[in-house]
Each structure stands twice: as structure tokens, then as C-alpha cells.
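Reading through the C-alpha cells given below for one structure.
The values are calculated or read from the model by the stated rules, or taken from the named source; none is laboratory data. Because the structure is a prediction, the values reported are computed rather than measured. Heads up, the Cβs are rebuilt from the backbone with ideal geometry, glycines too, and the neighbour counts pull from every protein chain shown.
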Amino acid sequence: MNLIDKIFKFNGGINAETKKNISTSMAVEKIEIPKKLILPLRQHIGNMPKIKVSTGDYVLKGQLIAEADGNVSAAIHAPTSGEIKSIEKLLIPHPSGLPDYCIVIAPDMKDQWIKKSSIDWKKIGLDQTIKLLLNSGIVGLGGAAFPSHLKLGLNRTNKIDTLIVNAAECEPYITCDDMLMREKSEELMKGIQLVQELLGAKETIIGIEDNKPEALDKINFYINKKSSITAKVVPTIYPSGDAKRLIYLINGIKIPKQKRAAEYGIQMFNVATIIAIYRFINFGEPSLSRIVTITGNLHKPRNYEVLFGTSLKDLIKKSGGQINKNNTFIMGGPMMGFKLPSIDISVTKTMNCVISAEQDMIEEKNEPLPCIRCSKCAEACPVELQPQELFWFSKSDQFEKAQNYNLFDCIECGCCSYVCPSNIPLVQFYRYAKSEIIADNIAKEEAGIARDRNDFRILRLEREKKERAERNAKRKLESSSNDKSKLIEEKRAEIAAALGRINKDEKIK
Amino acid sequence: MLTSILIILFLAVIIGLVLGFSSVQFKVKGDPIIEKIDSILPQTQCGQCSYPGCKPYATAIAKGEADINQCPPGGEAGVRALAELMGVEYKPLNESHGITKAKAVAFIDEDTCIGCTLCIQACPVDAILGAAKQMHTIIEKECTGCELCLPPCPVDCITMPEIKEDTENWKWKYPVYNINKTDSNKPKVSH
Ligand code: SF4
Ligand code: SF4
Ligand code: SF4
Ligand code: SF4
């Protein structure tokens, strides 16, 4: 048995019903240009991009409408030609249900491109290419939305040997990557070659779960014995698609806590992201669309290829609407996703899947009971954490202790909640604890700035006081100096002379 | 005899060097206990504790002159942290110093401002920009919400709007469960 066939099984994980066939019976449907596109500015991890257009502007397809603000940010482009209708706060796909800044475009239906030009990356060099990628708008399309130029630029500090293509798609229901591999395998393989070259990697391993035989067939068609690209089938165990879990499954390399894969010569990209990079470099096309799975409790669940900004509500309508009208929708998978506060939102770069909830997903039928310390959760945790301890510390606001138990290594996969016989919503507690800790750290940072500014002000006031005292002293000194008395003398002389003249005049009289 | 004297001399020199070096190298900046207290205080610099800023209050606590429950912006969590650090019992906030409010930042109505510069002189963190006879603005990021600029303004054009929840500062809430009785099969949504 050679290394390629060997699978390194990670701790825990779960075998849930995949429910993927619900949305794979029909081909991906390309949605025509809608009447309105709503583009939230926050669609990625990092800084909000800077708006480059104003209301009333005419924009072309692919035109930059918001520019990356700093390195950890991503740009946004007009998905089609049309007019900027407004820039306003509207609902975005976010668990808070709060509005955020969006650019609204009214398409003119001409779909007119800006001047596109491919990038000769070998000629302009990698540095220049990555700078261009910063404003390509490409972020990880697997759901994490991490700006891709950062991942491509990393090999300048770390030598990358292996590109791992994440084709695991391990969460139940989601099939957008599966369908993309079935329908765009040729483009994907070209993209893989390109990304491998960009990274300077020697080999590529495509990690794919064994529940996607059609996609695997398509990929295998392009793989020959001599190529540096191989596909490795991994078992269907959730969460095999988590970066560190997939690396372990494939390579047997355990990336330690707080370390990045790049430090071990590995970089990972999702299949859809690879195609986006390929289209940008080869055709000069920025990130304008994606495939999204609309599935679950619907009459016609399927995958759609849509422009960013397309209304989610319209897609749900197109899918025949809910069978059981419970008005509950989940964005992402059933394990890691979140309940959408509203479907009056648009498709964004992070939206890989929306599930119309089945009845058993929303009815919290099992009453949460106290933790019985069965440690089933620890057995299921793929990160080898102790979820029962994390739960206890998060529940009682003992955040420091939670951090000592590596709360921030938790990937929120939900395996622990899934197996817990007491039906405790464990992940909810971890999310709560994490966001409290993050807010606290920000407050600490701001307090630090305020402290420095206050210290500076006190110094400034002291300095000004000293300067004022010095100035006063100097003035006093000057007034007693010779210059002053000379001036007074001159004045006196002038007065005397004038008086003399008067006296003379009087004498003449 | 001579060797032992030499050895002792040698040791004395070495120890002296080490001590001298470490006193320079490991010199503590300020009083460590004051620094520790100050690092808990929210640095709003509002003076509600009846000291002219957080550092002076920290110094007073360290000296045992002030109680630990005099800082309204620090709130209950702040008092708890101070109690733990000082090894004393927690006590509720002394409300004679004020109550904990939601964080706010100052906002100057720039049409009404007469450019008198009085607010600049009051701001403990230099978060107000402007010159004499010119309209003044708040550097929102730097403003601690201390409210010290409010009373000096002769035309009452500064307000303190609360910082609203948005997608950036939003936090996951403490989980509350629905209690239901029947049993069912998984999967369920865990969020
Ligand atoms: S699985 Fe649930 S009941 Fe068992 S130890 Fe973990 S949290 Fe407690
Ligand atoms: S959600 Fe966190 S604690 Fe629970 S199994 Fe996943 S990684 Fe472990
Ligand atoms: S009351 Fe105001 S000045 Fe006093 S410690 Fe608290 S924040 Fe600082
Ligand atoms: S105190 Fe009021 S009027 Fe004077 S500069 Fe400040 S804001 Fe303007």
C-alpha cells in the first residue's frame, strides 16, 4: 500500500445522513440577470472595502465599485453593466439580522464588459500578480471568504510543496462544489495547474469524499500517471473538509494548534476559488458570480449559478417555495450554518448553500438536560478538545479558563452538539464565549490607546506650561536688557529734540 | 590566604556586576501594582471616580485611599476584576459616582459650533480637532465617551449618541433554550 492510498483517520467526527442527492438530480441552472442587484460591502473576512462609485454612475460589467482597504480586504465589482441606484444600509446575510452598507445596481440588461485583459503572470512576476489579485475580489468560496491573494502570497515566506484542493464538501445538503466538479472539470483542472504554478508547488492532491463518484470520474479523466496532480478519495466523515482535518486525512500531517498549513509547506484552496483565480488570470475576469445550493424542504431544490447580488427570495421562489411552510432557512450547512433572520437578502461570496429547514431541524424536541459528563462530546471532537469543559467555562463566563482549554481552536463543527445525549446546544455557548472574549480584547486595545493619548496629553500640558513659563521669563529678561533701555533713550532723545524745537519756535516768535 | 581573598574579591565583582546589570535591565516601569490596577480600569478618563483620571484613581486604590467600586464605566465586571486583584470582597458599584451607561461617543453639531475651543481643552484624550473660531469635530475612534466636553460648551452643541449595534460589533447572545418535551431523531440544528 503506498502513501497515496493510505488514509489517516482523525479523531471523532460523525456520520450523518448526507442528504446531498436532494439537490444533485438537476444540472446547475444559470440565472438570467435580475432587475436589481444588492451588493453588501462586507462579504469577506477583513476590512470593509472603500466605495469607488456614487449614485447615478454608470458602471460596466467587471468594473471595480469598491476597492480593497489594506491587505486584509477584498474588492467588489459590478456583476453586470447598469446604473448605481443607491448606496444604503440594507439587510445582509448575517446572523444578527442587522442592516449594513450595500451598493444597489439597476442592470441595463446589456451585460457590457469593461476592457478585459489576461495577466501574463510569468512576465510581470508573482509580486505584481498578487497585487492585481488584491483587487480581483476573489475570496475563498467554500464559505470562509478569506481573501485569496493572502494565501497565494504566503509562499514567499514559506516554501509550498503541496497544493491540496479541497473538494471534500463534507457538510450534509451542500452540493455546489460537487456540481461544479461535474460540470466544469476541465476549467478546474486548468485552474489547478495554474495555482500549483503560482504557488511553486511540486504536487497537487485533490481531496474528495467518497460520496461524489460522478465528480471523481470527471476529474480522473484529466489525471494521468505522469501528472503531478492526484486525487485522493477520503471517507465520508464529517468534518473531513475542515482544512487541518483534510490535510491529516491525506498526508498524515498534524498541523499543531495556532500553526498554519503554509508553515508545513501546504496550501489549500477550494475548487470554486481555483476556478475564480483561473478566470481572473486567464481572462481578466474578477469574481462576479458563484454556484449556490438551494435545498431542503422545497419543491424543486437545485443548484444555481448566479451573479452576486441576486435576490435569495427569488431563488427560493424559483425552487418552487417551501413544501412545509415554516419560514425557516439556514445559510451554510446544517452543522455549521446559522438561521437566516430574513430571506430579503442577496447572494454573496460566502453563500454556498441555503437550506429550507425540514421540520425536525427547527423543533427543539429534545429538552436540554444537565451535562452527565459522559464525554461523548470529547470522543466526537475532531480537534481533540474537551467540549464538556469548554461548555462549563463558557456557560459560567469563565472565559480565561475556556481559553486555557483552547476555546479558540474549536472549529464550531457541531460534532459535540450532535452527539450530546443531553441535547445541549454546545456550539452556541462557544460562539457566545468567543464573541465576548473578542469584544473584551477590542475594548482592552481601545483602552490602551486612550491611556497613551491621556499620558501624551498630560505630557503636552506640562510641556506647554514649561514653555509658557520660559517665554515669560525671557520676556522679563529682555525688558531689562540694554536693547530696551536704548530704545527708551532714543525715544527720550526724540522727545527732547521735539521740545527743543518748540522752544526754538517760541523764541523766534 | 591570598587565593581565598582573591576568590572573594572576584565573586564580589561578579555579583556586583550581575546586580548592577539586572537593576538596569529589569527596571520596572512605575509601580507594578498601580500598573496592574490601571490595566483593569477602562481608561475613559471621565473623573467620575472623583480622581482626575484612571491613573490617579489606580494610585489611590493602591495606597488604600479609594474603594474599588467607584468607576461607573468599568461596571460590575470592572469591580469584580479589581476585587480579585486586590484580594478583597466584591461590592456593588457605589452609585454616588454614577451608573454604568452604554458606550457613547461625542458628536458636535457643526452648524451650531462657534469654535470657542473650550471642548478641546476639556478632552482628556485630545480627540477633538479644530482651531479658534473654526468648526470642531470629534475623532470618533479616539473619543472615550467621558462627557467632559459637554459642560464647557457655551452653545450646547455636543451630544452623546450611544454606539449602536451593527454587524461589526454584534455579539452572539447567551443561549436560551426552548424547553420541549417530546423525543425525536437527529439531526437537529444546533444553533
Ligand atoms: S456529550 Fe453532553 S452530556 Fe456528555 S459530557 Fe459532553 S456535554 Fe456533557
Ligand atoms: S464544535 Fe468545537 S468542541 Fe465541538 S466537536 Fe467541534 S471542534 Fe470540538
Ligand atoms: S471613573 Fe472614569 S476616570 Fe475614574 S477610573 Fe473609571 S473611567 Fe477612569
Ligand atoms: S465648546 Fe462647543 S462651541 Fe466651543 S468649540 Fe467645542 S463644540 Fe464648538
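As a summary of the residue check, A:Pro172 satisfies the conditions (1) more than 17 Å from A:Asp210 (Cα to Cα); (2) surrounded by fewer than 24 Cβ atoms within 10 Å (Cβ to Cβ); (3) modelled with pLDDT of 90 or more except for the one numbered (1).
Among the conditions (1) touching a strand residue (DSSP E or B) at 6+ places or on another chain (Cβ under 8 Å); (2) within 14 Å of chain A (Cβ to nearest Cβ); (3) more than 16 Å from ligand 3 (Cβ to nearest atom), the only one that B:Glu140 does not satisfy is (1). Is one or more of the residues making up region A:281-295 closer than 27 Å to A:Pro34 by Cα and charged (D, E, K, R)? Yes; the residues of region A:281-295 include at least one that is closer than 27 Å to A:Pro34 by Cα and charged (D, E, K, R).
Close Cβ contacts (under 8 Å, 6 or more residues apart or on different chains) running from residues in region A:430-458 that are closer than 19 Å to B:Ala122 by Cβ to residues that are β-branched (Val, Ile, Thr) comprise A:Ala450/B:Thr44; A:Ala450/B:Val125; A:Ala450/B:Thr144; A:Arg453/B:Val125; A:Asn454/B:Val125; A:Arg457/B:Val125. Within region A:365-391, which residues are buried (at least 16 other Cβ atoms within 10 Å of the Cβ), within 14 Å of chain B (Cβ to nearest Cβ) and either near ligand 2 (Cβ under 8 Å from one of its atoms) or not charged (D, E, K, R) (or both)? Within region A:365-391, A:Asn366, A:Pro368, A:Cys371, A:Cys377, A:Ala380, A:Cys381, A:Pro387, A:Leu390, A:Phe391 meet the criteria. A single member of B:Ala58, B:Ala81 is within 14 Å of another protein chain (Cβ to nearest Cβ), at pLDDT below 95 and away from ligand 4 (no atom under 16 Å from the Cβ), and it is B:Ala81.
Can you say whether B:Ile68 is in contact (Cβ under 8 Å) with a residue 12 or more places away in the chain and away from every other protein chain (no Cβ under 14 Å), as far as the supplied structure shows? Yes. Count of region A:81-129 residues, restricted to those that are buried (at least 19 other Cβ atoms within 10 Å of the Cβ) and in contact with a helix residue (DSSP H, G or I) (Cβ under 7 Å, 6 or more places away or on another chain), is 1.
Just one residue in the set A:Glu400, A:Glu358, A:Glu367 is within 16 Å of ligand 1 (Cβ to nearest atom) and charged (D, E, K, R); that residue is A:Glu367.
Applying the selection to region B:148-167, what residues are under 23 Å from B:Gly53 (Cα atoms) and either within 16 Å of ligand 1 (Cβ to nearest atom) or more than 14 Å from chain A (Cβ to nearest Cβ) (or both)? B:Leu150, B:Pro151, B:Pro152, B:Cys153, B:Ile158, B:Thr159, B:Met160, B:Pro161, B:Glu162 - these are the residues of region B:148-167 that are under 23 Å from B:Gly53 (Cα atoms) and either within 16 Å of ligand 1 (Cβ to nearest atom) or more than 14 Å from chain A (Cβ to nearest Cβ) (or both). Go through the residues of region A:241-250 one by one and say whether even a single one is assigned to a loop (DSSP other than H, G, I, E, B) and under 27 Å from the mean Cα position of the chain (by Cα). Looking through region A:241-250, at least one residue is assigned to a loop (DSSP other than H, G, I, E, B) and under 27 Å from the mean Cα position of the chain (by Cα).
Residue check: is A:Ser417 in a helix (DSSP H, G or I), of a type in the set (S, T, N, Q), touching a Ser or Thr at 6+ places or on another chain (Cβ under 6 Å) and within 12 Å of another protein chain (Cβ to nearest Cβ)? Yes, satisfied. Criterion first (free of Cβ contacts under 8 Å to residues at least 40 places away in the same chain and within 13 Å of chain A (Cβ to nearest Cβ)) does B:Ile120 satisfy it? For B:Ile120, the condition - free of Cβ contacts under 8 Å to residues at least 40 places away in the same chain and within 13 Å of chain A (Cβ to nearest Cβ) - is met.
Does A:Lys218 satisfy the criteria of being closer than 19 Å to A:Asp178 by Cα and of a type in the set (Lys, Arg)? Yes; evaluated as a whole, the condition is true for this residue.
For (1) among the β-branched types (Val, Ile, Thr); (2) in the same structural domain as A:Asn135 (by TED's automatic domain parsing), each residue gets a yes or a no:
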residue: A:Lys225; (1), (2): no, yes
residue: A:Pro235; (1), (2): no, yes
residue: A:Pro239; (1), (2): no, yes
residue: A:Gln267; (1), (2): no, yes
residue: A:Ile277; (1), (2): yes, yes
residue: A:Gly296; (1), (2): no, no
residue: A:His299; (1), (2): no, no
residue: A:Thr310; (1), (2): yes, no
residue: A:Lys313; (1), (2): no, no
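The number of residues in region B:26-66 being more than 13 Å from the chain's Cα centre (by Cα), within 12 Å of ligand 3 (Cβ to nearest atom) and assigned to a loop (DSSP other than H, G, I, E, B) comes to 4. If you go through region A:337-357 and keep only what is surrounded by fewer than 23 Cβ atoms within 10 Å (Cβ to Cβ), at the interface with chain B (Cβ under 9 Å from one of its Cβ atoms) and either in contact with an Asp or Glu (Cβ under 9 Å, 6 or more places away or on another chain) or not aromatic (Phe, Trp, Tyr) (or both), you end up with A:Lys339, A:Ala357. Summed over region A:23-65, residues that are of a type in the set (S, T, N, Q), surrounded by 18 or more Cβ atoms within 10 Å (Cβ to Cβ) and within 14 Å of another protein chain (Cβ to nearest Cβ) total 1. The sole residue among A:Ala68, A:Ala106, A:Ala78 that is within 17 Å of A:Gly46 (Cα to Cα) and more than 14 Å from every other protein chain (Cβ to nearest Cβ) is A:Ala68.
Given the condition closer than 28 Å to B:Asp166 by Cα, of a type in the set (A, V, I, L, M) and more than 16 Å from ligand 4 (Cβ to nearest atom), answer yes or no: does some residue in region B:84-100 qualify? Yes, region B:84-100 contains a residue that is closer than 28 Å to B:Asp166 by Cα, of a type in the set (A, V, I, L, M) and more than 16 Å from ligand 4 (Cβ to nearest atom).
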